Structures are given as structure tokens and as C-alpha cells.
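Shown next, in C-alpha cells, is the structure this report addresses.
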Amino acid sequence: MAVPLSVVLHELGHLAAYRVLGIPGVVLHFSHVSGAGPDHPGWALATAEGAGPLATLAIVAICAILAATRGTGPATVALGLVAPFRVVVAAAWLSVHTVWGTGNSANFDELNLSRAMGWPAQPVILLELALVALALWWLTRALPPERRRALLASIILGGGLGVAAYWLALGPLLLP
Ligand SMILES: [Zn+2]
């Protein structure tokens, strides 16, 4: 459940931003939104690109706050831990780009946002990774210590299976 929920909320973040900014014709798909032409102001496209990761960070933040204030159950922690799985793309790009200097034409939210704003991509991605790492550490601590390793293992396994099931079967079925 954590995977479809977090991915769809992420994409709805993009979609809502396009709608609010009056960019028409954008269509929701299971893994992305499509249809925004380049003939819109750069700041508007950048805002809409950034709205997805921002929605993801908001989910993580809400889970972290709930975990801190309510002593909430493993399900909230699991959602918070699984939701930001997309940052592996940004982290992989950052590693490749830093070591080999390649990948300037890659296509993912954080890079597109930086490009549209004329920002260097590395600090943007590093900031996001730092926030996510902090939240993951915080959420992990919210798991009961005696069951932490088992719960973490099942959350990681479940998250991986969830991503596979969503990308290969459920997602294309729900939102082609
Ligand atoms: Zn996105």
C-alpha cells in the first residue's frame, strides 16, 4: 500500500501544480505526468517539477511528526520509510555525475527543476538527500528497539516488492 499511495500522491503533487499554474493538457499516469509543453514560463515548469518531490517530502515529514508525537505504529513508519524511494535515482545520478561528470541529459524531477531554474543540480539533490536521510534515521528510531531489525527488513523487502508490483502490474492497470 505504501508504494501506490506515495507514488500517486507524488504525481498528484505535479498535477495539482500544473493545474494551479494554468498549464493545460497534463495527464496523470502511474509513474509520471505528461503533456506539459515547453512553451510555458520556465519558473512555472520548474514549480510543477518540484511539486512532486515536495509532495513526497511532505508525506515523509507527516510520518516523522506522527512517529514523534503519537508513538505511532509500524505502518506509519513504513510509509515514511518507503515513500522517498525515488531519491535513489537522484542519488545514483549524483554519484555518476560527480565521479564521471556525465549524465547531463538525464530526466528526473530534481534535475529538471534545477535545469529550469538555472540552479546547479548537486546542492538541490544533496539537500533533498540530507532531509530524507534525517527523516529515515528519525523514523527508524521510532521502531521498537527489540523488533527494529526484523521490522526494517520486512519494510525494505515489502517496499521492494511493492515497487515491482506497482511498476509491473498494478500501476499500468490503474493509470496507464
Ligand atoms: Zn515526479
Here the equivalent ellipsoid of the range 75-139, derived from its Cα gyration tensor, has semi-axes (largest first, whole Å) of 24, 12, 10
Taking Cα pairs under 8 Å and at least six residues apart, what relative contact order does the chain come out at, in percent?
-> 29
Could I have the simple spin-label model distance between Arg148 and Met1, label points 7 Å from Cα toward Cβ, reported in nm to one decimal?
-> 2.6
Two-decimal Rg/Rh across the chain, once Rg and the Kirkwood Rh are taken from alpha-carbon atoms | 0.99
State the percent of C-alpha pairs, over all pairs in the range 100-176, separated by a distance greater than 15 angstrom.
-> 72
Quick calc: nm separation of the 7 Å Cα→Cβ label points for Ala58 and Arg70 -> 1.8
Extension reserve of the His40-Leu157 stretch, reckoned as 0.36 nm per residue once the Cα distance is removed = 38.0 nm
Taking a label point 7 Å from the Cα of Ala165 along the Cα→Cβ vector, which residues of the range 103-145 have an amide N closer than 19 Å to it?
-> none
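Any read-out appearing in this document is the output of simple, stated calculations on the displayed coordinates, not a laboratory observation. Given the structure is predicted, the values throughout are model-derived calculations rather than measurements. Cβ atoms come from the backbone with ideal geometry, glycine included; neighbour counts cover every protein chain shown.
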